[in-house]
Amino acid sequence: MPAARGAPSRRNGIPLPGSCPPRMARTRPRARAAVALWAAGALVAGASLTGCEYSYDEGPSRLDRSTAAPAVPDPAFLNDALEDEPVTEAELGDWLKEALPETEREVIHVAAGLLTPGEVRTEEAQDLPVGTYALALVCKSHRRVTFTVRTDEYTLVDLGLRCGLSRENVVYLSRESALTFRVEARYAANYAIRLTRF
């Protein structure tokens, strides 16, 4: 037992000459070999990457002044201001033919005119029989024109129409009626109304 007390512990033991080294000493050559293999692999990979050539095409450089920038065309204006200018009374017939092309339906009522700024115009179609009608509205102005169409009892159309576009509404009259057309413009405008029967 005294000999056991004097024996060095495995944790703090120092190997004696001629004795077997601890396990850590056995694994060091393996670790060194693994590090050497990893380093060799990294060198081989690095050498292979240095032989690669990469090129990027990012377009012309901002600093490259040799190529001129392409010419930018002027913006195309879709709506010429002169196209919205109202026509005179003398030109009203030609505009009406263009704004309301001919139709095969029976024409019941047509009205057209030139409104001064702030003017209100009223038209009326009397004794309309029962049936289905097409109501075409069109105007020519820099601003919207308001159309209101009523029977004695009901408002059938109440519309602020953007000029340059034609609008056609289908109206059904369940009994003999009269239609009142009210047209109002805050700016000078041409207007046209056409009522046809299906």
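Only a single item in (1) touching a residue at least 40 places away in the same chain (Cβ under 8 Å); (2) more than 22 Å from ALA188 (Cβ to Cβ); (3) open to solvent by less than 50 Å² (accessible area, probe 1.4 Å) is not met by LEU96, and it is number (2). Identify all residues within region 101-119 that are in a loop (DSSP other than H, G, I, E, B), of a type outside the set (S, T, N, Q) and within 19 Å of THR146 (Cβ to Cβ); write none if there are none. Correct list: PRO117, GLY118, GLU119.
Yes or no: region 160-168 includes at least one residue that is farther than 16 Å from PRO86 by Cβ and more than 28 Å from the chain's Cα centre (by Cα). No, region 160-168 contains no residue that is farther than 16 Å from PRO86 by Cβ and more than 28 Å from the chain's Cα centre (by Cα). In region 140-189, counting only strands (runs of 3 or more DSSP E) that sit wholly within it, the ones holding 1 or more residues that are free of Cβ contacts under 8 Å to residues at least 40 places away in the same chain and touching an Asp or Glu at 6+ places or on another chain (Cβ under 8 Å) span 145-150.
The values are calculated or read from the model by the stated rules, or taken from the named source; none is laboratory data. Because the structure is a prediction, the values reported are computed rather than measured. Neighbour counts run over all protein chains shown; Cβ positions are idealised from the backbone, glycine included. Calculation scope for accessible area: heavy atoms of the full protein, side chains included, ligands and nucleic acids excluded. Shrake-Rupley method; radii C 1.70, N 1.55, O 1.52, S 1.80 Å.
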